[in-house]
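Q: To start, I am sharing the structure in question, which I have written as structure tokens.
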Protein chains: 4
Amino acid sequence: MSSVFGILFRVATFGESHGRAVGCVVDGCPPRLPLSEADIQAQLDRRRPGQSALTTPRGEADRVTILSGVQDGVTLGTPIALLVENRDARPGDYASLADIPRPSHADFTYAAKYGLRARSGGGRASARETIGRVAAGAIAEKWMRLRFGVEIIAWVSAVGEREAPDRREQPPMRAEVDRYDTRAPDAESDAAFRAEIEAVLAARDSVGGVITCVCRGAPAGWGEPVFGKLEAELARAMLSIPAVKGFEIGSGFAGAHMRGSAHNDPFVRKEGRLGTATNRSGGIQGGISNGEDICFRVAFKPPATIGQPQKTANFNGEPVVLEAKGRHDPCVVPRAVPIVESMAALVLADAALQQLAREAAGGDARRV
Amino acid sequence: MSSVFGILFRVATFGESHGRAVGCVVDGCPPRLPLSEADIQAQLDRRRPGQSALTTPRGEADRVTILSGVQDGVTLGTPIALLVENRDARPGDYASLADIPRPSHADFTYAAKYGLRARSGGGRASARETIGRVAAGAIAEKWMRLRFGVEIIAWVSAVGEREAPDRREQPPMRAEVDRYDTRAPDAESDAAFRAEIEAVLAARDSVGGVITCVCRGAPAGWGEPVFGKLEAELARAMLSIPAVKGFEIGSGFAGAHMRGSAHNDPFVRKEGRLGTATNRSGGIQGGISNGEDICFRVAFKPPATIGQPQKTANFNGEPVVLEAKGRHDPCVVPRAVPIVESMAALVLADAALQQLAREAAGGDARRV
Amino acid sequence: MSSVFGILFRVATFGESHGRAVGCVVDGCPPRLPLSEADIQAQLDRRRPGQSALTTPRGEADRVTILSGVQDGVTLGTPIALLVENRDARPGDYASLADIPRPSHADFTYAAKYGLRARSGGGRASARETIGRVAAGAIAEKWMRLRFGVEIIAWVSAVGEREAPDRREQPPMRAEVDRYDTRAPDAESDAAFRAEIEAVLAARDSVGGVITCVCRGAPAGWGEPVFGKLEAELARAMLSIPAVKGFEIGSGFAGAHMRGSAHNDPFVRKEGRLGTATNRSGGIQGGISNGEDICFRVAFKPPATIGQPQKTANFNGEPVVLEAKGRHDPCVVPRAVPIVESMAALVLADAALQQLAREAAGGDARRV
Amino acid sequence: MSSVFGILFRVATFGESHGRAVGCVVDGCPPRLPLSEADIQAQLDRRRPGQSALTTPRGEADRVTILSGVQDGVTLGTPIALLVENRDARPGDYASLADIPRPSHADFTYAAKYGLRARSGGGRASARETIGRVAAGAIAEKWMRLRFGVEIIAWVSAVGEREAPDRREQPPMRAEVDRYDTRAPDAESDAAFRAEIEAVLAARDSVGGVITCVCRGAPAGWGEPVFGKLEAELARAMLSIPAVKGFEIGSGFAGAHMRGSAHNDPFVRKEGRLGTATNRSGGIQGGISNGEDICFRVAFKPPATIGQPQKTANFNGEPVVLEAKGRHDPCVVPRAVPIVESMAALVLADAALQQLAREAAGGDARRV
């Protein structure tokens, strides 16, 4: 019962992998924002399948249509409905799976939860579900760029055991990231990642990876203590993406091994504001943005669907060997880059609107 | 604006570190649950300061009072208000901090957000805020234990660079964990952790750590795709705890480095149900519990407040050296164990109630 | 920011009167419910324009398409997206209105709120917005009919100064109501209502009316004290319908003039349950259904758009005479009958699911 | 599960009639608002029992304590917990009721919903529950008065069959209303209302009444279409008050009998803004405030508890004669005046904050 995300900037997504269409309704987008389908299509194109030999061959153009909420090129402030039709659905590919829950996929848990077996393709537990997120996130991102100058950049920082250099302090540009099919931050990492993905393709296997994301330009003050802390909302947003297994803000798990004297970020004067000399906090302190770059990392497991035969059990508990057909990505992280950016945009836009309300509320007493 | 957590099992917390009282209101607890203050006090005692030489010397008994929602020893189904008075508040200790935001603490961001500087102790950005969570979580935990036999056990699995053996497959009992001031899973780890904490105490420093949590007995079917995935709600809950920097479900970041053939959890028949031979999924697939143990890890940074002098800047951006007084923990993880358990309990209870509604809703068609 | 309604049974609607399409996303519908487009179309047909000479001549077939959430004729438990295209939009009709806010319409307030003037037809402040509600309500209604035997029947009980006899104790059947274009409860009232509507049509005027609604078969126990009282949610749902100015549960305003000794509903034994001899409570006591029929009345003002010239002011405050074109209903209540039923269904389904969760939660102590 | 009200300005209430205490937690109050217990006590004093011979003799001072969220006389922006102890609870008075559900009270429905019989006094279905609302509303009201100059005034406009003159266009001052124990708008109405209440007291009976409320100074633009329309939120807020059976905005039910030509409010230029010559809209069009006074009426039934013997049935369905003891009001409307004002304040403050966020969001395109 929770395909709705956000409080003031809110999105409701819908659509199964092999149904008629996927999409979303965005409620609470500020009015008078210039918006066209092209603004949204750009991020969808970065997410869509078939971009390179490294991704699933499912052929979907993923053209978005705006059904409501926009008139004469600007948002009305009313709900924006976005629709993307499924054109290359092949539920038949999955027919053989009806009796065998794919290991580490959601077939078994969906059956347990809903009491039925959705034919094929995982229903909502499919990367196609993320189209609505990416479309909505593109709108949130545009608003924040125009209103605050916020920039959100994600890239692939690891594929399997190959890791790119830490670029959190000097993040690549989005154009740079898009130069590489793997969405690596540099040519050398791209080559390493590509080699890894080609190796798993050859082995009819799959591989996991890590995405790093940096959000620049958010002012100090975003995030709602105590349960709506900015890092809490980001963590929830990221862990809601299919295949995500971990989230770190700033120093993350490495920070757990450090001492306070080495971990604390001392304050220093920066242009026109108080900043910090280091950023192990990842741009957030006490759940509230501090004006530094918001930096986090997201771990993705290897896709569950692999071409190799797997020993497992069917729904009746009988041992079987599963040989999956269907089309899938050997590694999701290249295409997940715009998904991470979009979910970050949705979280930040919602936090921004809540803080704008507070700032405009003007308690009587003098602001410090 | 978000001190409220949960949808059906909902808690609103309140209270500053140095105000009159802290507490919470629990709304949506099932009626007719046997409940007394002693049920709640037990977890509060595990959280309270001054338990050992390894924690803050602030002397608080943290006695809880039930103000409403319980009559004749059972819950009424109405809101349960819980109150804990602050008795050893010493806001004066923090007077010298008025002009200097503590590095990596929330002084600066609270001022940026709310436009004022809360005297002392960080207001809501204090470990005392977590009393309301622990009290509410104790109720959620009791309900799930009686209704489903769910057991939630957390322990300290790392302090600084010292790590305990991986006990996720054979978690310790809560009584075992409580045997050690450090809340280690075994005597050897306790000794290592204790040495580390004593070292940072001597150095007037602080140190981070990791807590591992296992929830047993949750049936398959809990968690609400797509934004309310069980791991997403757990991640949000954990990242909302002060000082948390990272969250991993199942294989976590290690899983990102693996191949699918090695990572997938094959299905096998278990007593009366379909289970998995391994548990790299951490008990959750597609956002829904699969009946295996729900396992996750939470990274805590070192406490920001340290006794050593720190070079930093005051609110005006002028360089200063800060020497903190006030009372603080050298390492929060021992006392954070019940906080992690309680937040997990709140997430699971809410997911359980939502799934109970769905199961009782009985669509007409035959359940698979 | 609030085109989303409900907690467990939740609907997000979208669409402007003169945009491309209108529709909704239903989240939280129980899985395995048999559902086809025909189930939904039936209620849409009762709402659509052009049903008779008494309604707006706007020609819309209002054919609904299910985009997601249903497979092989049953619901999946995932979001159900429903789409209805606008085919007879004529924004040009309203061009002359650009500078003149229509009296008692939402042109002025939408401009004040969103900072722009939506071309034509009122955007979201249009009866077309209610298509999403009716479509969603049809699903809620079907579920409750199958699961609980709940029946929801609304009819027109007043048009202008003409009032039908009070039928709350013996409500008409839906088929009976549909026999009359006016949706009166009987032939005599139909004739009176028809005369009134024809009179205002002739006078290029409009007229208000009252709808009475009875929900039968809801068991005792639905409704969530204290802010989610069943009558509170019904009141909110009804007042959210365009043109509604009043709501009464049970005795309503008449009850305010009575004494307790005459107003109280004494308890009596009914078949297998405790019931009340009278029903001035309207089926709800303390915010919770008591097992009697839930009865309420809803007042609709006359439509703001009339053919007569009106003295008013333009956006600059200059006196003008407005002569509206555009197509509109002389009286909305006949077509509003399925809207009232649908909003009632959405409220009841949400309350039902919340109570199902509570009942399944099973506190340990014996139920009285 | 819904003792929480509001989105940005949010209150969670707690407390049973005969428990230890009642109160609330206010989350989302703007920071830096000057606030003391005296600000809140003033409205509580207007609500408390025992103010005159016309109200229940239960003796409660209802002193409020602020537990959190306020420091040095200003709000911190963090949750404000407010506590009022119950001192004169006498659950014993209700012992005889254990087996007999009071007619038109909530005894039966609470038992049906929660599966237990709360001892005495109705638990949450008691006027005492409203203390938390009034306390929270006093804060909302103060903020809106300082920030926008909003004034909220309610008065008793009918008791039984006695009606006061319509004062919506020239509302009395609050001080004027408080001059009369009945909270009538003038001396003549007070005398009539007093006579009516004294008559029912003498007859050991009770009587209903109507409260009219006017909110002045709200700018155009508040209210969230389509489900969060301002009149919808007001209706929900009012119907959530114990004993309320009806709600009307502006022309209300009378408007249902009118023609559009007579009902429409023509626009006219007012000081510095566009206004309407009449106000049958009640200050709201299309769910959004239009800058005129927001006017509504609320119908209260006669209190269910009366001194006269009543023929009814016990929980087993056996006929009994009930003679209630316990203390109760013969007519709730005098004391309900501050409750209506407070709920209106909570609705408006929440709408105001949401609109402030939108206005500060600044779409790029020029505002009309």
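Q: Classify segment A:222-263: rounded, prolate or oblate, from the alpha-carbon gyration tensor (a ≥ b ≥ c, eigenvalue square roots; a/c under 1.5 rounded; otherwise prolate if a/b is larger than b/c)?
A: In terms of gyration-tensor shape, oblate.
Q: Further question: If we count every other residue with Cβ under 9 angstrom of B:GLY160's Cβ, Lys/Arg +1 and Asp/Glu -1, where does the sum land?
A: Summing Lys and Arg as +1 and Asp and Glu as -1 gives 0.
Q: Moving on to the next point. Just to be sure I understand: chains B and D are related by a rotation, so which residue of B has its Cβ closest to that axis, and how close in Å?
A: Residue nearest the B-to-D axis, with distance in whole Å: B:ALA12, 2.
Q: Right, something else. Stokes-Einstein at 4 °C, 1.567 mPa s, Kirkwood radius from Cα pairs: D for the protein assembly as shown in µm² s⁻¹?
A: D = 40 µm²/s.
Q: Given the -39500 (n - 2.57) contribution per DSSP H run of 4+ residues, what per-residue ellipticity at 222 nm results for chain A, rounded to the nearest 500 deg cm²/dmol?
A: Mean residue ellipticity at 222 nm (helix-derived): -9000 deg cm²/dmol.
Q: Let me ask another. Using DSSP to define loop residues, name the GluC sites (Glu not before Pro) in segment B:252-337 whose beta-carbon has at most 15 other beta-carbon atoms within 10 Å.
A: B:GLU271, B:GLU323
Q: Report the net charge of residues surrounding A:ASP186, where surrounding means a beta-carbon distance below 9 angstrom and charges are Lys +1, Arg +1, Asp -1, Glu -1.
A: Its environment carries a net charge of -2.
Q: Lys and Arg at +1, Asp and Glu at -1: add these up for the other residues within a Cβ distance under 11 Å of C:GLY228 and post the number.
A: -2
Q: Taking every Cα atom in segment B:1-76, find the radius of gyration and the maximum pairwise distance Dmax, and write them in Å.
A: Rg and Dmax of segment B:1-76, Cα atoms, are 14.4, 41 Å.
Q: Of the residues A:ASP190, A:ASP99, A:ASP293, which exhibits the maximal mean-square fluctuation in a Gaussian network model of chain A defined by a 10 Å Cα contact cut-off?
A: A:ASP99
Q: Still on this model: Lysines near A:LYS311 by alpha-carbon distance under 25 Å, same-chain residues fewer than 8 away left out - which ones?
A: A:LYS113, A:LYS245, A:LYS301, A:LYS325, B:LYS270
Q: Just flag the GluC sites (Glu not before Pro) in segment A:144-201 sitting in loop per DSSP whose Cβ has no more than 16 other Cβ atoms within 10 Å.
A: A:GLU161, A:GLU169
Q: May I ask you to report, in nm to one decimal and beginning with the shortest, the distances from D:ASP45 to the same position in the other copies, taking label points 7 Å along Cα-to-Cβ?
A: Spacings between copies for this position, smallest first, are 4.5, 6.6, 6.9 nm.
Q: Which of B:SER251, D:SER206 comes first, and how do the rest follow, when ranked by fewest Cβ neighbours within 10 Å?
A: Fewest-to-most ranking of B:SER251, D:SER206: B:SER251, D:SER206.
Q: Please identify the trypsin sites (Lys or Arg not before Pro) of segment C:46-81 that satisfy two criteria: DSSP loop assignment and at most 16 other Cβ atoms within 10 Å. Which are they?
A: Taking segment C:46-81 and a limit of 16 other Cβ atoms within 10 Å, the loop trypsin sites (Lys or Arg not before Pro) found are C:ARG63.
Q: So what are the three principal axis dimensions of chain B from its Cα atoms, in whole Å, longest to shortest?
A: Reported extents, whole Å, longest axis first: 70, 50, 38.
Values quoted throughout were computed directly from the atomic coordinates according to the rules given, and no laboratory measurement underlies them. Here the structure is a predicted model, which means the values were calculated and not measured. For neighbour counting, all protein chains shown are included, and Cβ atoms are generated from backbone atoms with ideal geometry for every residue, glycine included.
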